[in-house]
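Taken together, the values in this text are just the output of simple stated rules run on the coordinates, not laboratory data. All values reported here derive from a predicted model rather than from experimental measurement. Every residue, glycine as well, gets a Cβ built from its backbone with ideal geometry; the counts of neighbours run over all protein chains shown.
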Amino acid sequence: MRRTSMSSVWKRLDDSKYLILLFLPAALYYLIFEYLPMFGVVVAFKDYNVFKGVWASDWVGLKYFSTFIFDNPDFPVLLRNTFLIGLYSLIFGFPAPIILALLLNELRHVVFKRFVQTVSYLPHFISNVVIVSMVVLFLSPDGGLINNILGLFGIEPIYFMSLSSMFRSIYVTSGIWQGIGWGTIIYLAALTSIDPSLYEAAELDGASRFRKMWHVSIPGIVPVIIVLLILNIGGLLGTGFEKVFLLATPMVYDTADIFSTYTYRVGIQQGNFSYATAIGVFNGVVGFVLIVTANFIARRTKETSLW
């Protein structure tokens, strides 16, 4: 019996060898860059010394977690900034591709529809460095597009990049512009899976295009919306380092400094690897709790969840 079951396994593996070969690069990527680095989490619980190595370094337990959360005066500011930037991105950025997908789904002019899709997708393929450079140029007080437009109405040039009150708006707005087209792809794919007979039935009942969108299109993509919302909630405190690092200046740190940029300064610039790792672990644990909580609520309310 054992020999039969083993031969069955080997036969299934042999039949799926090409699928396994296709999956192999993705599996290696996650193994090398996602799972193996988890070994470094132990550094957060040690007073890491480069010359001693990880295992020989002194064990300090939760010392750095306590220092960061309870003794660091910057912790409330970092938590507030990280949470608010993530929350604003979720509130304003998450619905944007849904709305665009619904609008594109209603377009009947195929050429114009494809043109809008192409234009909206393009910023996603531009690196953050170029995106930030474009944003800085657009908002420049010396010949920037936005200030030129404001000048037509007699408004003096505004130094957007040096105003703390403007940083979050700039970050969220540029993020919507950069990601709205790419996010729309998922929702357009979900919309194509809706049974056309539902639209026909709604039309026979006299439903307008808006009513068909509200009662057929949106309910049809609710499961996809919930899954993506759960993933976005899980990343609420995982605001990207690169874009904030490139956009922010010391003048706007009171609203722009987040966990990842602070970790960079502490870990890379100051060489305090244990402290920086502890901050990263704290951020990851909070994200894990958020995604589990969001998944639990979604499963209880809509019976749609990640697991």
May I ask you to list the aspartates and glutamates whose Cα is less than 20 Å away from that of LYS63, ignoring any residue fewer than eight positions away on the same chain? ASP47, ASP71, ASP74
Listed peptides 79-92, 117-130, 14-27 by packing density, highest first (mean Cβ within 10 Å): 79-92, 117-130, 14-27
Gained length - SER127 relative to LEU198, 0.36 nm times residue gap less alpha-carbon distance: 21.5 nm
What whole number of Å gives the distance from the Cα centroid of the range 1-77 to the Cα centroid of the range 241-292? 20 Å
Each label sits 7 Å from Cα toward the beta-carbon; between LEU28 and VAL42 the label points are separated, in nm, by 2.7 nm
As a test of the formula, what do you get for the chain when each DSSP H run with n ≥ 4 contributes -39,500 (n - 2.57) and the sum is divided by the residue count, at 222 nm and rounded to the nearest 500 deg cm²/dmol? -20000 deg cm²/dmol
When only Cα pairs under 8 Å and 6 or more residues apart are kept, what is the percent relative contact order across the chain? 25 percent
LYS46's amide H: which non-local residues (gap 5+, or another chain) put their own amide H closer than 5 Å, with H modeled 1.01 Å from N in plane and none for Pro or chain starts? VAL60
Kindly point out which whole DSSP H helices in the chain project their C-alpha atoms 27 angstrom or further along the helix axis while averaging a Kyte-Doolittle hydropathy of 0.0 or above. 164-192, 273-301
Only four residue types carry charge here, +1 at the Cβ of Lys and Arg and -1 at the Cβ of Asp and Glu. Report the dipole size of the range 62-301 about the Cα centre in Debye, rounded to the nearest 20. 380 debye
The extension gain from ASP14 to ARG209, computed as 0.36 nm times the residue separation minus the Cα-Cα distance, is 65.1 nm
Computed about the Cα centre, the charge dipole of the range 36-130 from +1 Lys/Arg and -1 Asp/Glu charges at the Cβ has a magnitude in debye, to the nearest 20, of 400 debye
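Which FRET efficiency value, to the nearest 0.05, is calculated for ARG299 and TYR159 with the Förster distance at 51 angstrom and r the Cβ-Cβ distance?
It comes out at approximately 0.60.
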For the range 62-301, build the charge dipole from Cβ charges (+1 Lys, Arg; -1 Asp, Glu) around the Cα centre, then report which of PHE70, MET251, ALA201 sits farthest towards its positive end. ALA201
Pull up all non-local amide H partners of SER57: gap of 5 or more, or a different chain, and H-to-H distance under 5 Å with H placed in the peptide plane. ASN49
In the list (i) 1.09; (ii) 0.93; (iii) 1.27, the entry giving Cα Rg over 2.2 N^0.38 Å computed from the coordinates is (iii)
Rank-order 46-53, 258-265, 133-140, 234-241 by packing density, defined as the average count of other C-beta atoms within 10 Å over each peptide's residues, highest first. 258-265, 234-241, 133-140, 46-53
